[in-house]
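Okay, structure first, notes after.
The values are calculated or read from the model by the stated rules, or taken from the named source; none is laboratory data. For clarity, every value in this text was computed on a predicted model and none was experimentally measured. Heads up, the Cβs are rebuilt from the backbone with ideal geometry, glycines too, and the neighbour counts pull from every protein chain shown. SASA here: full protein model, heavy atoms, side chains in, ligands and nucleic acids out. Shrake-Rupley method; radii C 1.70, N 1.55, O 1.52, S 1.80 Å.
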Amino acid sequence: MTDVDPFSSATQLLGALRTGGVSAAELTELCIRRIERHDVRLNAVVVRDFDRARQQARAADQARARGATSPLLGLPMTLKESINVVGLGTTCGVPDWKGYVSQHDAPAAARTRAAGAVLLGKTNVPPMLADWQSANPIFGRTNNPWDPGRTPGGSSGGGAAAIAAALSALEVGSDIGGSIRVPAAFCGVYGHRPSETLLPRSGQFPLPPLPNAATVMGVQGPLARTAEDLELALSVLAGPDVGEDVAWKVALPAPRRERLADFRVAVLPPIPWHPVDGRIRAAIDDLAGRLGRLGAVVKEVQPEGLGDHREYHGFYRTLLAAVTGARVDAETRRQRIAAFRGAGDDLSLAAARGLEGSAGDYLLWHGRREQHRAAWRAFFRDWDVLLAPAINVLAYPHIERAWPADDSDLTLTFTVDGHSVPYLHGLCYPALSTVPGQPATAFPVGVSREGLPIGLQAVGPYLEDLTPIRFTALLAREIGGFRKPAGYDQS
């Protein structure tokens with residue numbers, strides 16, 4: 001094996017595999033050694049499948065020797081713990097599900113396996129995938145590679161930490177409240193929330209392997225060290241779910257632009273009631289200025305109907321509560337409604353409505369959602385991408401959060417430039433693209449003076465996922481992309 005930099009992109013590692021610079025078996029052993037050495041302090045890869053990974057790597061080398069050319073052939077990667085894999089447990093961090101072993105592969109597992117990937121294992125999550133931390137009673141807490149005293153984000157936080165520390169070459173996570181984009185921003189990597197119907201949404205949780213069209217807003221998508229790797233992952237993962245695959249095919253449009261100077265870049269105006277860390281605001285201002293000097297059209301503007309975002313975000317909280325609360329028992333539902341109604345603010349009341357709503361209400365909410373989707377379609381006739389924070393804070397120190405969730409959730413706060421901000425308000429920027437189902441790519445723009453990654457998101461036109469991905473790839477050439485956290489060089 002020639003010297004292989006474990007921090008290389010997945011695309012570069014696949015190039016080395018194709019040219020014989022490294023074998024799949026050697027690359028897999030390298031990743032296993034790194035997990036065994038470095039994951040002691042990170043606790044990112046919590047479900048390990050090394051024996052089968054070694055078998056898959058040997059099979060990949062044999063297939064390549066026979067002339068096989070699968071797109072991920074021999075590439076070691078990981079999946080989020082909530083994604084089902086035959087023979088591995090799926091708990092979603094919930095003690096009641098400890099001991100469940102999946103008898104089926106999720107579409108994400110099946111497609112990456114069919115593309116030749118080597119599955120090292122699965123990465124840590126918070127209970128029910130419901131936090132921007134990744135700590136649970138089964139596997140414990142995952143730490144941020146840049147500062148182990150801080151969260152790597154959630155709910156795909158184990159995956160983002162594994163990518164940033166080069167324990168894995170590629171990861172598949174999921175996102176309904178920023179669960180791909182926030183960990184990417186906190187760990188300084190790339191993450192893509194796909195257009196809502198681009199990838200199958202089925203295959204998570206200890207549930208039958210069947211799609212459910214009524215389960216909206218939640219998606220699955222990749223995390224990686226480069227934007228090009230996101231595009232590679234989409235080429236494998238994109239496509240209809242079971243049943244629709246009889247006739248439907250995916251043919252993603254090419255990126256709208258190939259030069260930064262040609263992009264029409266909208267910048268989201270500040271949200272008056274939602275403070276953003278000054279370091280994030282400064283990064284957006286600096287990037288907007290830089291893009292303007294390069295010749296891009298840059299303007300502070302947003303889709304029609306967003307206003308001050310308060311009503312828009314309340315609508316998101318209603319839909320989120322309806323979707324995530326669908327399977328809770330009657331007593332838990334009653335307790336949550338009482339807590340939200342007791343809080344009394346407009347956003348808590350919006351969440352309560354989601355738990356109280358009828359099937360008829362849900363249908364009407366979908367009609368309202370389509371109005372927002374139409375406004376976003378109109379917006380992207382004039383603009384190519386919309387720049388915004390991925391969340392309003394940088395990676396924050398670990399906090400204790402109750403599980404099962406209780407009223408204390410409504411009193412938790414972030415500190416933003418010395419001011420306390422309600423914790424659940426952190427959903428505001430993730431919700432921006434989740435409500436209409438737009439694609440959004442989280443990308444690194446630098447590191448703060450304190451040594452913490454700063455990340456933003458680029459929201460793109462529906463089913464034109466390659467446009468925001470290509471935008472962030474071009475940006476990396478201009479401002480730099482992924483940076484290695486200190487302390488993980490030794491393999």
Original post:
When both residues are 6+ apart or on different chains and their Cβ atoms are under 8 Å apart, which pairs have a first residue that lies in segment 470-491 and is among the β-branched types (Val, Ile, Thr), and a second that is open to solvent by 80 Å² or more (accessible area, probe 1.4 Å)?
Top reply: 479/290
Original post:
Of the residues 225, 264, which single one is surrounded by 20 or more Cβ atoms within 10 Å (Cβ to Cβ) and in contact (Cβ under 8 Å) with a residue 12 or more places away in the chain?
Top reply: 225
Original post:
Can you name the residue in segment 119-133 that is of a type outside the set (Gly, Ala, Ser) and part of a strand (DSSP E or B) and, of all such residues, is most open to solvent (accessible area, probe 1.4 Å)?
Top reply: 119
Original post:
Yes or no: residue 328 within 30 Å of residue 453 (Cβ to Cβ) and aliphatic (A, V, I, L, M)?
Top reply: no
**OP:** Search segment 377-413 for residues being open to solvent by 60 Å² or more (accessible area, probe 1.4 Å) and without any contact (Cβ under 8 Å) to a residue 24 or more places away in the chain, and hand back the single one that is nearest to residue 438 (Cα to Cα).
**Re:** 381
Original post:
What about residue 451, is it among the small types (Gly, Ala, Ser), free of Cβ contacts under 8 Å to residues at least 40 places away in the same chain and surrounded by fewer than 20 Cβ atoms within 10 Å (Cβ to Cβ)?
Top reply: no
Subject >> Options 462, 429: the member that is at pLDDT 95 or above and open to solvent by 30 Å² or more (accessible area, probe 1.4 Å) >> reply: 462
Subject >> Selected residue (criterion: least open to solvent (accessible area, probe 1.4 Å)) from residues of segment 282-321 that are basic (Lys, Arg) and touching a residue at least 24 places away in the same chain (Cβ under 8 Å) >> reply: 317
Original post:
Are any residues in segment 366-407 under 26 Å from the mean Cα position of the chain (by Cα) and farther than 30 Å from residue 265 by Cα, and if so, which ones?
Top reply: 397, 398, 399, 400, 401, 402, 403, 404, 405, 406
Subject >> Condition check for residue 368: basic (Lys, Arg), assigned to a helix (DSSP H, G or I) and more than 27 Å from residue 193 (Cα to Cα) >> reply: no
Original post:
What pairs come up if the first residue lies in segment 418-434 and is closer than 18 Å to residue 186 by Cα and outside any strand (DSSP E or B), the second is among the hydroxyl-bearing types (Ser, Thr, Tyr) and open to solvent by 20 Å² or more (accessible area, probe 1.4 Å), and their beta carbons are under 7 Å apart, counting only those six or more places apart or on different chains?
Top reply: 423/413
Original post:
Within the set of pairs 6 or more residues apart or between chains, which connect a residue that is over 16 Å from residue 31 (Cβ atoms) inside segment 51-68 to a residue that is among the small types (Gly, Ala, Ser) and open to solvent by less than 90 Å² (accessible area, probe 1.4 Å) with Cβ atoms less than 8 Å apart?
Top reply: 63/70; 63/116; 64/24; 64/74; 68/116
Subject >> Subset of segment 322-342 (residues that are of a type in the set (A, V, I, L, M, F, W, C), assigned to a helix (DSSP H, G or I) and either in contact with a Ser or Thr (Cβ under 7 Å, 6 or more places away or on another chain) or open to solvent by 50 Å² or more (accessible area, probe 1.4 Å) (or both)) >> reply: 323, 330, 338, 340
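Here is a yes/no grid of residues against (1) open to solvent by 40 Å² or more (accessible area, probe 1.4 Å); (2) under 20 Å from the mean Cα position of the chain (by Cα):
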| position | (1), (2) |
| --- | --- |
| 25 | no, no |
| 41 | yes, no |
| 52 | yes, no |
| 83 | no, yes |
Original post:
Which one of these does residue 351 not meet: (1) open to solvent by less than 40 Å² (accessible area, probe 1.4 Å); (2) more than 29 Å from residue 141 (Cβ to Cβ)?
Top reply: (2)
Subject >> Residue tally, condition open to solvent by less than 10 Å² (accessible area, probe 1.4 Å), farther than 29 Å from residue 208 by Cβ and assigned to a loop (DSSP other than H, G, I, E, B), over segment 134-156 >> reply: 4
**OP:** Being part of a loop (DSSP other than H, G, I, E, B), open to solvent by 40 Å² or more (accessible area, probe 1.4 Å) and either touching a residue at least 24 places away in the same chain (Cβ under 8 Å) or among the acidic types (Asp, Glu) (or both) narrows it down to one of 99, 87, 116, so name that one.
**Re:** 87
**OP:** Give the residue, chosen from 197, 215, that is polar (S, T, N, Q), open to solvent by 10 Å² or more (accessible area, probe 1.4 Å) and in contact with a helix residue (DSSP H, G or I) (Cβ under 8 Å, 6 or more places away or on another chain).
**Re:** 215
Original post:
If the Cβ limit is 6 Å and pairs must be 6+ apart or interchain, which residue in segment 243-257 that is closer than 15 Å to residue 107 by Cβ pairs with which residue that is open to solvent by less than 70 Å² (accessible area, probe 1.4 Å) and in a loop (DSSP other than H, G, I, E, B)?
Top reply: 248/240; 250/238; 250/239
